[in-house]
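Only one structure is covered here, and it is reproduced in the block below.
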Amino acid sequence: MKPANSIFSGLGTTIFTVMSQLAQEHGAINLGQGFPEGLEPEDVIAAAAHALSTGPHQYPPMMGLPELRQAIAAHDRRFHGLEVDWATEVMVTSGATEALADCLFGLIEPGDEVVLIEPLYDSYLPIVRRAGGIPKLVRLEPPHWDLPRQALTEAFSDKTKLIIVNSPMNPCAKVFTEEELSFIADLVIRHDAYVVSDEVYEHLVYDGHPHVSMMGLPGMRDRVARIGSAGKTFSITNWKVGYIVAAPALLGPISKTHQFITFTTPTPLQAAVAAGLAKEDAYFSGLARDMAARRNRLAAGLKGVGFDVMTCAGTYFLTTDFRPLGFTGNDEAFCRHITIEAGVTAVPVSAFYQGTGPNHFARFCFAKMDDALDGAVERLAEHFGQK
Ligand code: PMP
Ligand code: GLN
């Protein structure tokens, strides 16, 4: 039998699926895979149910429902001060995952260099490689996750086609400052490159940290493809509704990819997300407030157990150093150990690095109900002898 594609056949199963399966097998409280609990807005769900029962049930426009594209443009004006033409600069996708693949397949020419910042979300690298891109990896390190400016400058060359920037950043919960993003923008402009800006956690920022969209920085309007996800903004991760905002010259080739990957996204869900994006400001600020309270609850609990808990300015993840607990194995061993022995699941941070990276950090998702957060802390406290 002839071998299948070597890039994909050489990959393991994503760490999120692996850890969720392990959690299920062992009846563990799953703080591994990032998905929220109990925050789904009822009116958005009712809008989807209504749209499903009234139809239509046939293909929507390839670029997305006009009402959703208009809502995305209005959202980007309201929250990011961006002027976006909904008819030529917005495309709806089946989740940010599809949006990322569309951007990478649509923009990368084999041999192009692509700058990536570790720790990185797991879909980036395989798609960059499959698109023929040559990855240039730059590394942020715990506990401060500072931008390595020299390394970043050296990673750019005249062959650089694009950089992927993820802010707020999974898993390290860093929110890039305007100054850091301007530094990156300067390199992008100097090398005539693009930015695929993964902003799925745009509304999950805390403690007054502003979310800055790279698209709004001077000289960047036409160089950025901005990606959002209704899964994160409305706590509905199985709907898989995402979007891309980009200037027509960029969105053109990106949409050619979309037309052959999914072509469209379920109409009732698009209609409901349009209603969601029109919600009052209080919904968006309330989401961040609820999430920050959950962060504080889990952070305090994990500190009490003995973890060293890193700062979290955005996303719904806490990165923790488990060495103070006396565990001497690596992060994979730790995450398996607490799943099986303590009944709590986390994700090893080394899964977000290539080769040898930091290997004594575990990521916990705090977007859960208080019962789950408290139960997890109690189980860990008991296991590590704090009770
Ligand atoms: N990018 C990042 C950084 C993420 O954490 C996620 C969430 N899984 C995605 C993209 C994918 O989002 P979606 O579920 O909308 O495909
Ligand atoms: N983004 C989520 C996380 O980081 C999970 C997404 C997935 O399972 N593919 O946990």
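Figures for the structure shown
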| read-out | value |
| --- | --- |
| Relative contact order (%) - the range 254-387, alpha-carbon pairs under 8 angstrom, separation at least six | 23 percent |
| Contact order normalised by residue count of the chain, Cα under 8 Å, 6+ apart, percent | 24 percent |
| Separation between Cα centres of the range 74-106 and the range 10-58, rounded to whole Å | 22 Å |
| FRET efficiency for D207 and K2, using Cβ-Cβ distance with R0 set to 35 Å, rounded to 0.05 | 0.05 |
| Potential lengthening between Q354 and Q58 on full extension [0.36 nm per residue; Cα-Cα distance subtracted] | 102.3 nm |
| The range 99-146: C-alpha gyration tensor shape, a/c 1.5 cut-off, then a/b vs b/c | prolate |
| Within a Gaussian network of the chain (alpha carbon springs, distance under 10 Å), most fluctuating of T265, T320, T17 | T17 |
| Area accessible to solvent at I244, 1.4 Å probe radius, in Å² | 0 Å² |
| Residue with peak Gaussian network fluctuation, the chain [Cα springs, cutoff 10 Å], from Q21, Q70, Q270 | Q21 |
| Low-density loop positions, GluC sites (Glu not before Pro), the range 81-130 - DSSP coil, at most 16 other Cβ in 10 Å | E83 |
| Fluctuation leader among R78, R69, R336 - the chain, Gaussian network, Cα springs under 10 angstrom | R78 |
| Å² per residue, accessible surface of the range 189-275 at 1.4 Å | 33 Å² |
| Carbon + sulfur, % of accessible area of the chain - ligands and nucleic acids excluded, 1.4 Å | 52 percent |
| Listed residue pairs exceeding 32 Å between alpha carbons, taken from K2/K256; K161/K232; K136/K240; K2/K232; K136/K303; K232/K303 | K2/K232; K136/K303 |
| Heavy atoms of T233: accessible area, 1.4 Å probe, square angstrom to 10 | 10 Å² |
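The values are calculated or read from the model by the stated rules, or taken from the named source; none is laboratory data. All values reported here derive from a predicted model rather than from experimental measurement. Using ideal geometry, Cβ is built from the backbone for each residue, glycine included, and neighbour counts are taken over all protein chains shown. The area values use the complete protein model at the heavy-atom level, side chains included, leaving out ligands, DNA and RNA. Shrake-Rupley method; radii C 1.70, N 1.55, O 1.52, S 1.80 Å.
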